[in-house]
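Accompanying notes for the structure given below.
The values are calculated or read from the model by the stated rules, or taken from the named source; none is laboratory data. This is a predicted model, so every value here is computed, not measured. Positions of Cβ are backbone-derived with ideal geometry, glycine not excepted, and every protein chain shown enters the neighbour counts. Accessible surface areas use protein heavy atoms only, side chains included; no ligands, DNA or RNA. Shrake-Rupley method; radii C 1.70, N 1.55, O 1.52, S 1.80 Å.
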Amino acid sequence: MKALIFEGSGFEYFKIWIVNVLLTILTLGLYHPWAKVRNNRYFYANSTLEGRNFEYHATGKQLFIGYLIAMALFISYVIINQISPSGSLILIAVLFLAVPWLILRSMIFNMRMTSFSNVHFDFTGKLGRAYINFFAYPLALYIGLVLIGTAISIAIPLGGVAAVFLGVLLAAGMIAFLLFSFAFIKKKNTEYFIDHSRYGQGEFKTDVHIKKFMLITLKTLGFALLVTLIAAIIVGLGVYVTVGVDSIMALKGAEQNPELMAEKMRALMPIISLSYLGMIAASIFIMAYSMTQHRTYVYANTRLDDKVTFASTLKAVPLAWVLITNFIAIICTLGFAFPWARVRTARLMLENTLVNAQNGFDDYLTQKQNETSSLGEQIGDAFDVDVGVGF
Amino acid sequence: MINGKWYAKGSSAQSDASLDITGDSFTLTVKERIKYTALLHTLNVSSRLGNVTRKIILEDGSVFSTQDNDAVDLAFKKQPQGKKIIHTLESKMSWVLVALIITLISGFSFFKWGIPWTSKKIAHALPHASNQLIASNTLDFFDKYIFDKSQISAEQMQKIRMHFHSQVAPLGASHDEIKYTLHFRLWKDANLSIPNAFALPSGDIILTDRFVQLCETQEEMDAVLLHEMGHIVHRHTLETVIESTFITVTVMMIAGDSNGLADMGVGLGSLLVSSSYSRGHEAEADRYAFEQMLLAKMDPIAFSNIMNRMSSYIQVPSVSKREQEKESQGDVLDYISSHPSTKQRVEIARQYSECFHKGLNSCEIIKPIHSTLDSKN
């Protein structure tokens, strides 16, 4: 097993980034596609494995038309959203309908524009399957929830022990249904993204199970409880040590007096902001835990042609640490620490991605691919549609 | 000699290779055997980006890649493929500093002046019909979810309308495409009747019952009506729509390639920016009201009287915490407030009132600053 290496540096990327930002501002946004290409080229080309590197092949010219159309759509969306409530409802419905298509087009474009060691990736997913995965399943989940919810709201007012019993049973059913559906959708999505990915003539294959995804969700829930409890204790201790319980009690007495109330509130401001920060940190931790668990499981069960295997050694604590410190640095520098943050995240991710290729990478060949339009990818980008497995 | 790797077209197999350049031709040696000899201009060299692996594509589609960027730059210096403007910007420290400074200045100016100025231009270039378009359904929506029927007598409504159309509305006669209509509504929140006045871009002005009751003189009501007319004349709603569009699109471009966490900071930033625009609109509407009052020989202090009465009415029964915090001078929360603080507005009204007593038709205003106000009060 060999880990990927990230060879870029924060300072070098900062210089590329600032020039991108400057040119984007000076051209009133028109340079954006070229900036995106330079960003992607930098991160792809600096990701290496055994002296071979990734490469991003799209050109600014290729993205430009798609970018203009995506911007026009996005601007109309923003304007309609503000002036017509009914119009924005229709737009949201259209967007939901378009999501599977956007995901598929983005996957195809991004995979084809990526190569490793001179051989291109590809994506062979079909549109019908995309609609089942990203539209039908979430819709079914929603309908299921509404049905159980309605059943509960009918059962509870009936009164009596039987109704309470039925209510509890239905609530338990709802939790089980949620747990199962999330795991089911997660499995289907992971399979869709990985099983249709190609590297040259090589085919990726994943073998994941609903049971394991359910277990990860349960573990995450347990972890979330623990983290929330710890965060609550820390904030509670903070309040006790700094302002004391009296101030909180005094707050209750001051309810009738607005000026006193405002004064008390101001004294509490630092501790309130601190507990907000604590909440953000806790949620980052929980997110990092869930993500690393999924990553480890999916990587371990993914292979390329039975010749190449993968593994993830990413752990929740280092990931959460990098994300939290990045967040603080970006806020404190009004965004100018962004390049360093991005490089740090990329380095952590790559160095915890392991690849084992018994026969090396010498016998892959780029397969014939048709010309691909960037339109779907650009629209997906503008509307922030999540694409890919997410790690 | 430049060392690197060679790949056959579309193949992942790597072989050690080296490129020798003499004059305007080159020799590519793969595994110690000469494979290609040709002219330099047949090669396609990728543009330089930091120190990432450089790719040179040969005529048959095979690829020579190397880490030796400097050697490639040197070799292709005189070739048309060698142009590298962007890389020069990225690699010269002085250029990076210049870029940083220009970015900071233009970013600041863009938000501070660029967006408001452009939005104003666009808003005023659009036909009045666009005002009617964005106002359509708004009153129906409020009637359905927020307002109740007014309890003011039909007689009093008639009186207020008569006065408005004969005395106040003509002051804005230069914008005769706007047809003003007064509406009376009851607005209740937790059993408390709320004093307020709103303007819709179409020319509809809504007065709440409590506001009408709180007005002690005719001039007070006229001052607020003129303020609302100021919003309409200056097309503030349309400007807000355009400004938020600019902000959202800019935010999308900034945050597009970041993660969800940085988005929170960006969200806070755009909140600060849009509240600052909103405060600008309020100040502009105030100014409109004051100037019209001077021309119509009304004392602008009436505006400050009604503002004070409204804000103390809201404060004492402690309707919302935010309202109270807003009033505290120099508070951080002032920056996210959509209105200038009442103290500031009252101070400007006082200065206009002085001009009024001197019998002036226009007035130079010294902008009140937080700290000086603090020491005065």
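Checked against the criterion of being among the aliphatic types (A, V, I, L, M), open to solvent by less than 80 Å² (accessible area, probe 1.4 Å), without any contact (Cβ under 8 Å) to a residue 60 or more places away in the chain and over 30 Å from A:Leu28 (Cβ atoms), the candidates B:Val72, B:Val45, B:Val98, B:Val52 yield just one match: B:Val45. Note on region B:274-309: among residues that are within 20 Å of the chain's Cα centre (by Cα) and of a type in the set (A, V, I, L, M), the one that is nearest to B:Arg210 (Cα to Cα) is B:Ala285. For A:Leu102, state whether it is buried (at least 21 other Cβ atoms within 10 Å of the Cβ) and either under 23 Å from the mean Cα position of the chain (by Cα) or assigned to a helix (DSSP H, G or I) (or both). It is true that A:Leu102 is buried (at least 21 other Cβ atoms within 10 Å of the Cβ) and either under 23 Å from the mean Cα position of the chain (by Cα) or assigned to a helix (DSSP H, G or I) (or both). Whether any residue in region B:352-361 is over 19 Å from B:His234 (Cβ atoms), modelled with pLDDT of 80 or more and touching a Leu at 6+ places or on another chain (Cβ under 7 Å) is what I want to check. Checking region B:352-361: at least one residue is over 19 Å from B:His234 (Cβ atoms), modelled with pLDDT of 80 or more and touching a Leu at 6+ places or on another chain (Cβ under 7 Å).
Applying the set (1) out of contact with any Phe, Trp or Tyr (no Cβ under 7 Å at 6 or more places or on another chain); (2) within 7 Å of chain B (Cβ to nearest Cβ); (3) at negative phi; (4) not charged (D, E, K, R) to A:Thr48 leaves exactly one unmet item: (2). The set of residues in region B:120-136 being within 10 Å of another protein chain (Cβ to nearest Cβ) and either open to solvent by 90 Å² or more (accessible area, probe 1.4 Å) or not in a helix (DSSP H, G or I) (or both) consists of B:Leu133, B:Ser136.
The set of residues in region B:1-29 that are within 14 Å of chain A (Cβ to nearest Cβ), surrounded by 19 or more Cβ atoms within 10 Å (Cβ to Cβ) and of a type in the set (A, V, I, L, M) contains only B:Ala17. Contact map, region B:4-31: residues that are touching a residue at least 60 places away in the same chain (Cβ under 8 Å) paired with residues that are among the β-branched types (Val, Ile, Thr), Cβ distance under 8 Å, separation 6+ or inter-chain. Pairs shown: B:Gly4/B:Thr66; B:Lys5/B:Thr66. A residue that is part of a helix (DSSP H, G or I), of a type in the set (Ser, Thr, Tyr) and either in contact with a helix residue (DSSP H, G or I) (Cβ under 8 Å, 6 or more places away or on another chain) or farther than 23 Å from A:Asn46 by Cβ (or both) cannot be found anywhere in region A:110-129. Residue count for region A:151-174 under the criterion of being exposed (fewer than 11 other Cβ atoms within 10 Å of the Cβ) and modelled with pLDDT of 90 or more: the result is 1. With respect to (1) open to solvent by 60 Å² or more (accessible area, probe 1.4 Å); (2) of a type in the set (A, V, I, L, M, F, W, C); (3) over 22 Å from B:Ala223 (Cβ atoms), the lone exception for B:Met162 is condition (3). Of everything in region A:135-150, what is of a type outside the set (Val, Ile, Thr) and open to solvent by 30 Å² or more (accessible area, probe 1.4 Å)? Give them in sequence order. The answer is A:Phe135, A:Ala136, A:Tyr137, A:Pro138, A:Leu139, A:Ala140, A:Tyr142, A:Leu145, A:Leu147. Checking each residue in region B:101-119 for being within 8 Å of chain A (Cβ to nearest Cβ) and loosely packed, with under 11 Cβ neighbours inside 10 Å picks out no residue at all. In summary, helices (runs of 4 or more DSSP H) completely within region B:175-288 and bearing 3 or more residues that are modelled with pLDDT of 90 or more, over 30 Å from A:Asn39 (Cβ atoms) and more than 14 Å from chain A (Cβ to nearest Cβ) occur at B:209-214, B:218-233. Looking at A:Thr296, is it touching a strand residue (DSSP E or B) at 6+ places or on another chain (Cβ under 7 Å), more than 12 Å from chain B (Cβ to nearest Cβ) and either surrounded by fewer than 18 Cβ atoms within 10 Å (Cβ to Cβ) or farther than 30 Å from A:Val241 by Cβ (or both)? Yes: the conditions hold for A:Thr296.
Counting only residues that are within 16 Å of A:Met349 (Cα to Cα) and aromatic (Phe, Trp, Tyr), region A:1-27 holds 1 of them. Regarding A:Leu68, is this residue free of Cβ contacts under 8 Å to residues at least 40 places away in the same chain and within 9 Å of another protein chain (Cβ to nearest Cβ)? No: the conditions fail for A:Leu68. Annotation: of all residues in region A:328-342 being surrounded by 22 or more Cβ atoms within 10 Å (Cβ to Cβ) and more than 22 Å from B:Ile105 (Cα to Cα), the one that is farthest from the chain's Cα centre (by Cα) is A:Ala341.
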